[in-house]
Amino acid sequence: MKNGFFGKIFGTGKESTRDIAKKRLQFALIYDKLEVSDEILESLQKDIVDVISKYFEIDKSSLKLDIERQDDLSALVLNTPILSAKRKFG
Amino acid sequence: MAGSEIKISFISKQKRGADLKGKVIVITSGKGGVGKTTTTASLGAAIASLGKTVAVVDMDIGLRNLDVVMGLENRIVYNVVDLAHGRCQVKQAAIRDRRIEGLFLIPASQSDNKNALNTDDMARLTKKLRDEFDYILIDCPAGIEQGFENSVTGADEAIVVCTPEVSAVRDADRIIGLLYARSITPKLIVNRIVPYMVVNGDMLSHKDVEDVLSVELIGLVEMDERVIAATNTGSYIIDDKTSKAGQAYTRIARRILGDPSVPIKEPVYDQKGIWGKITSKFGIRK
Ligand SMILES: Nc1ncnc2c1ncn2[C@@H]1O[C@H](COP(=O)(O)OP(=O)(O)O)[C@@H](O)[C@H]1O
Ligand SMILES: [Mg+2]
């Protein structure tokens, strides 16, 4: 679990088992509904980062993936600090 | 007697009019062992103690349990399958609890399996029961198969019971989805909360569970050793007036009856509680 997608979400292992349980649940429910796996989400994240990187300098180390839930909708949210816009594309 | 007529009028025993029929509430969870049966018995007892007539129905066909939890196991003659198939009357199948006025148990059959009933049977059964009782509480079996289908058929409302554990919450989410698909908006009970573990970061809090499931809470029940003691003797936890779980169930019952002045009480870390005592003995209290 530490190596996969989760490893990145959970960071350094300072979280309590309670926090880990909550995060695991939130992701498990997303996986259940979308029927996607860890791997797919990871490569999705990579692609998104690549696209954004074409236009902006981003801090890849502080990428944060989260789940926001409103009513019966769950949204996967990728947050990334933008350092600066790139002048030229590519 | 030409020109005259004899008028016979039937006076119903029922005080209730057609618009005041009973309400059917299914208690469900997905996962087994989270407290559905305990909740059904406790809420049944609590609602009846508040003056309503209540039938609790054990739908765990083949694995009946509600009867022993309520201490009524030696009075079973007919069961829910008999009743649904018209082999007996409601009066015959509903075992009257002699301790709490207005409380009745309709036991499961022990020899049939879950396919002994279908949703048509259940629609007819719940219709019948609505005429006789103010509240009908259905104790749903674990799983999402026929037993679940049957239990939710005819239900007006649903209570989902969940413990603060990953597997139970995930199953609850699945059940909630299935209930929504049947146009039922469920309410949530988080059961077996251990406050000191929550404080220590070793157990999901009810807020976490509520957050993940995003459904309305109707009550919070602590892990309480006295629940097990009550089950041992077939008595009701709500009659153990100082027990936290008993108090919690009584509050939930009042909320079900529509008393808005009963707040949901959040379990607090009680140093004197048994779980606190155990931890202090082992020196892991923070
Ligand atoms: N709040 C509680 N505190 C302590 N034990 C509980 C509590 N709720 C349920 N239990 C115990 O957990 C076990 C499973 O409960 P039960 O009601 O039979 O679950 P289910 O019907 O969902 O399978 C039983 O032994 C019961 O006594
Ligand atoms: Mg049960």
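The values are calculated or read from the model by the stated rules, or taken from the named source; none is laboratory data. From a predicted model like this one, the values you see are computed outputs, not experimental measurements. Cβ sites come from the backbone with ideal geometry, for glycine too, and all protein chains shown count toward neighbours. The area values use the complete protein model at the heavy-atom level, side chains included, leaving out ligands, DNA and RNA. Shrake-Rupley method; radii C 1.70, N 1.55, O 1.52, S 1.80 Å.
What the table shows:
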quantity: Residue in the range B:255-272 that is at pLDDT 95 or above, over 26 Å from A:Phe27 (Cα atoms), away from every other protein chain (no Cβ under 14 Å) and within 16 Å of ligand 2 (Cβ to nearest atom) present; calculated: no
quantity: The range B:19-34, subset on the phi < 0 side of the Ramachandran plot and open to solvent by 30 Å² or more (accessible area, probe 1.4 Å), residue farthest from ligand 1 (Cβ to nearest atom); calculated: B:Asp19
quantity: Residue match in the range B:227-245 (condition: within 12 Å of chain A (Cβ to nearest Cβ) and aliphatic (A, V, I, L, M)); calculated: no
quantity: Among the candidates B:Asn79, B:Asn65, B:Asn74, residue that is within 16 Å of ligand 1 (Cβ to nearest atom) and not aliphatic (A, V, I, L, M); calculated: B:Asn65
quantity: Residue within the range B:214-223 that is more than 15 Å from ligand 1 (Cβ to nearest atom) and open to solvent by 30 Å² or more (accessible area, probe 1.4 Å) present; calculated: yes
quantity: Unique match (being of a type outside the set (S, T, N, Q), crowded, with 21+ Cβ neighbours inside 10 Å, within 15 Å of ligand 1 (Cβ to nearest atom) and within 14 Å of the chain's Cα centre (by Cα)) among B:Ile256, B:Ile252; calculated: B:Ile252
quantity: Pair list, Cβ under 9 Å, 6 or more apart: the range A:28-47 residue over 19 Å from B:Val169 (Cβ atoms), other residue charged (D, E, K, R); calculated: A:Glu42/A:Lys8; A:Gln45/A:Lys8
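Residues are listed down the side, and each one gets a yes or a no for (1) of a type in the set (Lys, Arg); (2) in a helix (DSSP H, G or I); (3) surrounded by 10 or more Cβ atoms within 10 Å (Cβ to Cβ); (4) at positive phi:
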{"site": "A:Ser43", "(1), (2), (3), (4)": "no, yes, yes, no"}
{"site": "A:Asp50", "(1), (2), (3), (4)": "no, yes, no, no"}
{"site": "A:Leu65", "(1), (2), (3), (4)": "no, no, yes, no"}
{"site": "A:Glu68", "(1), (2), (3), (4)": "no, no, yes, no"}
{"site": "A:Ala75", "(1), (2), (3), (4)": "no, no, yes, no"}
